[in-house]
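Below is one structure, written out as structure tokens; the observations come after it.
The values are calculated or read from the model by the stated rules, or taken from the named source; none is laboratory data. In this text, all values refer to a predicted model and were calculated from it rather than measured experimentally. Glycine gets a Cβ as well: all are built from the backbone with ideal geometry, and neighbour counts include every protein chain shown. Ligands, DNA and RNA are stripped out before the accessible areas are found, and what is left, the full protein with its side chains, is counted by its heavy atoms. Shrake-Rupley method; radii C 1.70, N 1.55, O 1.52, S 1.80 Å.
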Amino acid sequence: MTSVAGSKAQGTPETPHVPGTPQTPPPSEAPRTPETPGRSSARRAALTVTAWIRRHRTWTVLCLISAVGVGLTIAALLSPHGDGFPLSTRNAAPDGARAVAEILRSQGVDVRQTDNFPATMSALDDAAESSADDETGPTLLLYDRNGYLDQEQVQTLQRATDRLVVVTPRLNTLNALGSGIRPAGVVPAGVATLDPGCGMEDPASAGSVTAESGYLYTAPRVCYEPAGGPGGLYAGSEDRRLTVLGSTQILSNDLLDDHGNAALALRTLGASDQLVWYLPDISDVTAADTPQTLDDLAPPWVDFLGLWLAFIAVLAMLWRGRRLGPLVFEPLPVVVKAVETAEGRARLYHDAHAVDRAADNLRAGTLVRLAWLLRLGPEAESTAIVDAAARHVGRTTEETARVLEARPRTESELVRWAQQLETLEKEVTAR
């Protein structure tokens with residue numbers, strides 16, 4: 001009994017013994033591997049993180065999606081991208097010039113685009129140092145379509161480069177260059193292409209080019225002249241340092257592969273290994289070139305006149321302005337007498353000198369009352385009312401119609417006509 005009680009106390013179950021069968025000893029417990037403190041803490045931490053993720057899996061997924069979106073946005077902003085400026089080497093649109101820039105780069109020409117005057121001068125200095133050992137210095141392409149540069153800036157650019165190519169320049173740019181090149185109009189309508197027609201090496205090798213919507217120039221050396229035209233699409237100076245190209249389509253992505261456009265562009269811009277592509281913007285406008293405002297153009301006496309006119313306008317508003325009294329509160333509903341409404345409308349017509357409107361109202365009221373007095377009904381026409389009224393008072397139809405259909409033009413005529421209408425109603429009522 002003591003052994004059995006002790007075994008029960010220790011938690012070991014008692015197995016009954018069947019007679020004639022060998023008794024199996026109780027299995028011994030397997031030895032446990034002791035866990036180290038570090039492994040146990042790591043396991044508990046992993047379980048804790050897994051449980052937290054399961055409880056907050058929705059917010060975890062949203063945070064991951066947001067992180068991926070932010071990363072893609074930052075990558076897109078930091079990655080190089082193009083622009084939409086016409087004739088830009090970063091513009092892949094039809095009016096851009098990315099194609100010709102990439103072809104020049106593949107031929108070993110270092111093409112660098114600049115967007116302001118200081119950056120252009122710095123790029124020209126770097127290009128001059130890079131090509132110090134070469135026979136040809138850097139080439140500068142200038143496309144100032146809005147005329148931002150002044151005379152001093154253009155002359156500075158001309159002195160800083162060995163070869164200057166100007167695309168569709170304005171008159172102030174040509175005057176600053178001072179090379180004898182002058183504008184001569186536009187290419188005639190209907191002329192799509194032009195042949196070189198000159199002995200200059202680059203145009204003669206390129207052949208015909210696109211000439212639609214191009215500009216013509218007169219110069220010592222001119223190519224691509226239309227029949228009977230005063231100038232050409234391609235002009236150059238005597239020292240061969242200045243070239244004027246009168247069409248942006250020759251350099252555009254859209255028409256670069258047409259005719260000899262690509263050949264002329266590559267031969268004109270690829271004469272040296274260094275090409276600076278300059279597209280001026282609004283930041284290049286100097287303070288002296290800023291257009292005058294209205295204050296600058298107006299005479300001195302305008303300031304006094306403006307103040308005086310403002311003072312007169314205030315006086316006129318005070319004189320003609322409607323001065324309303326205090327608000328009067330009345331209990332609702334408000335009953336307005338018919339005579340007050342009629343008098344109010346009459347005052348409005350009088351103030352507006354609306355004689356025609358007042359006459360129409362008087363005529364309509366008289367016809368309605370006559371129709372009621374003559375028992376003609378509300379749908380009776382004016383001709384029937386005139387005939388009935390004439391028979392009733394013993395007048396002719398023409399005389400009655402002359403009274404009812406009169407058209408007064410002045411206020412005095414309106415008053416006399418209103419009296420005639422009142423007399424007619426009294427006659428109809430009396431009989």
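Tabulated results
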{"quantity": "Estimated FRET transfer efficiency (VAL336, ASN361; beta-carbon r; R0 25 Å; 0.05)", "calculated": "0.90"}
{"quantity": "With DNA, RNA and ligands ignored, accessible area of CYS198 (1.4 Å probe; Å², nearest 10)", "calculated": "40 Å²"}
{"quantity": "Viscosity 0.890 mPa s, 25 °C: Kirkwood-radius Stokes-Einstein D of the chain over Cα pairs, µm²/s", "calculated": "72 µm²/s"}
{"quantity": "Heavy-atom accessible area per residue - the chain, 1.4 Å, Å²", "calculated": "67 Å²"}
{"quantity": "Model label zone, GLU343; criterion: amide N under 20 Å from point 7 Å along Cα-to-beta-carbon; scope the stretch 393-431", "calculated": "415, 419"}
{"quantity": "Most mobile listed residue (THR114, THR396, THR168) in the chain, GNM with C-alpha springs under 10 Å", "calculated": "THR396"}
{"quantity": "Listed residues TYR278, TYR148 arranged by accessible area, highest first, probe 1.4 Å", "calculated": "TYR148, TYR278"}
{"quantity": "Gaussian network model of the chain, Cα within-10 Å springs - most flexible of ASP351, ASP202, ASP95", "calculated": "ASP351"}
{"quantity": "The stretch 175-303: relative contact order in percent, alpha carbon pairs under 8 Å with at least 6 residues between", "calculated": "20 percent"}
{"quantity": "MRE, 222 nm, helices only [DSSP H, n ≥ 4, -39500 (n - 2.57), over the chain, to nearest 500]", "calculated": "-15000 deg cm²/dmol"}
{"quantity": "Hull volume in cubic angstrom per residue (convex hull over the Cα atoms of the stretch 329-431)", "calculated": "125 Å³"}
{"quantity": "Cα centroid separation - the stretch 322-379 against the stretch 227-246, whole Å", "calculated": "83 Å"}
{"quantity": "FRET E, pair GLU381, ALA310, Förster distance 45 Å, beta-carbon r, rounded to 0.05", "calculated": "0.15"}
{"quantity": "Percent accessible area from carbon and sulfur atoms, the chain, protein chains only, probe 1.4 Å", "calculated": "58 percent"}
{"quantity": "Mean Cα-pair separation over length for the chain, i.e. relative contact order, pairs under 8 Å, 6 or more apart, %", "calculated": "13 percent"}
{"quantity": "DSSP H segments from the chain that extend 24 Å or more along their own axis, Cα-based, with Kyte-Doolittle mean of 0.0 or above", "calculated": "57-78, 301-320, 355-373"}
{"quantity": "The chain: most fluctuating residue of GLU152, GLU405, GLU129 per GNM, C-alpha cutoff 10 Å", "calculated": "GLU405"}
